[in-house]
Amino acid sequence: MQFEGKRALVTGGARGIGAAIATRLGSNGAKVVIADLDIDKGKETAARIGNGAIAVQLDVTSPESWQAAKKEVDAAFGGLDILVNNAGIAGRSAPTWELSFEEWKQVIDIDLTGVFLGCQTFITGMIDQGYGRIVNIASIAGKEGNPNAVPYSAAKSGVIGLTKAIAKEVATKGVLVNAITPAVIATEILAQVSEEHISYMTSRIPMGRVGQPEEVAALAA
């Protein structure tokens, strides 16, 4: 199988796009770590995947939580080969002048800082072993900029820039870093988005429909 013997961690892996990616990795032979704030749902997803999959509780905004997760991963699998930074939130649909600083900061902390911390936590181990694959889930909003979604658009644009910069830092070290920029995908995160905003996004998609998590998973793995 394609990922036989590889060790993979997926943030936000308990549900949605993360669960679809984790499932695809597991079905292709990888030992999967579901890293999620919702540890109970994470354990359910890990049990469904099987093949030795485990779940760890992770707050992607906390450096200490990342270090604790790394210790669990090292104890279980002895290191990591594949990191998928998927965890994220959309935030409230509202124009810039109606947003609070706290709303801005929450989206930036989860969607951008969380990706930075994940890369920083595991990339040195990948460099040392001469192999690593990092996939960061960005968004078309990071390329186009979606109205009434300024924090999300800014965070995902940051993820794209971060991905390009880190990829250049490790290009000769056996570590590949890439980003995927989906449009609107049918996950629970849509509950955070207004119907008007969903209609706006789908109107810009040539196929005229919402994507499925499994379609993103096929790009990641």
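Just so it is clear, none of the values below were taken in a lab; they were calculated from the coordinates. If you're wondering where the values come from, they're calculated on a predicted model, not measured in any experiment. Heads up, the Cβs are rebuilt from the backbone with ideal geometry, glycines too, and the neighbour counts pull from every protein chain shown.
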Unique residue being surrounded by fewer than 16 Cβ atoms within 10 Å (Cβ to Cβ) and in contact with a Phe, Trp or Tyr (Cβ under 6 Å, 6 or more places away or on another chain) when the list is Gly174, Gly161: Gly174
Subset of the range 126-153 that is assigned to a loop (DSSP other than H, G, I, E, B) and not hydrophobic (A, V, I, L, M, F, W, C) - its residue that is surrounded by the fewest Cβ atoms within 10 Å (Cβ to Cβ): Gly130
Residue that is surrounded by the most Cβ atoms within 10 Å (Cβ to Cβ), among those in the range 185-214 that are of a type in the set (D, E, K, R) and either in contact with a strand residue (DSSP E or B) (Cβ under 6 Å, 6 or more places away or on another chain) or in contact (Cβ under 8 Å) with a residue 12 or more places away in the chain (or both): Glu214
Failed criterion for Ser153 (all others in (1) farther than 20 Å from Ala220 by Cα; (2) in contact (Cβ under 8 Å) with a residue 40 or more places away in the chain hold): (2)
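Checking the condition of a type in the set (Ser, Thr, Tyr) and either closer than 19 Å to Ala138 by Cα or in contact with a strand residue (DSSP E or B) (Cβ under 8 Å, 6 or more places away or on another chain) (or both), which residue from Thr45, Thr23, Thr96 passes?
On inspection, the qualifying residue turns out to be Thr45.
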Ser100 being surrounded by fewer than 24 Cβ atoms within 10 Å (Cβ to Cβ), within 17 Å of the chain's Cα centre (by Cα) and farther than 24 Å from Ala20 by Cβ: no
Residue within the range 30-53 that is touching a Gly at 6+ places or on another chain (Cβ under 8 Å) and of a type in the set (Asp, Glu) present: yes
Filter result (in contact with a strand residue (DSSP E or B) (Cβ under 6 Å, 6 or more places away or on another chain) and either closer than 19 Å to Ala75 by Cβ or surrounded by fewer than 24 Cβ atoms within 10 Å (Cβ to Cβ) (or both)) within the range 26-36: Ala30, Lys31, Val32, Val33, Ile34, Ala35
Residues within the range 194-209 that are closer than 22 Å to Val150 by Cβ and either in a loop (DSSP other than H, G, I, E, B) or hydrophobic (A, V, I, L, M, F, W, C) (or both), tallied: 5
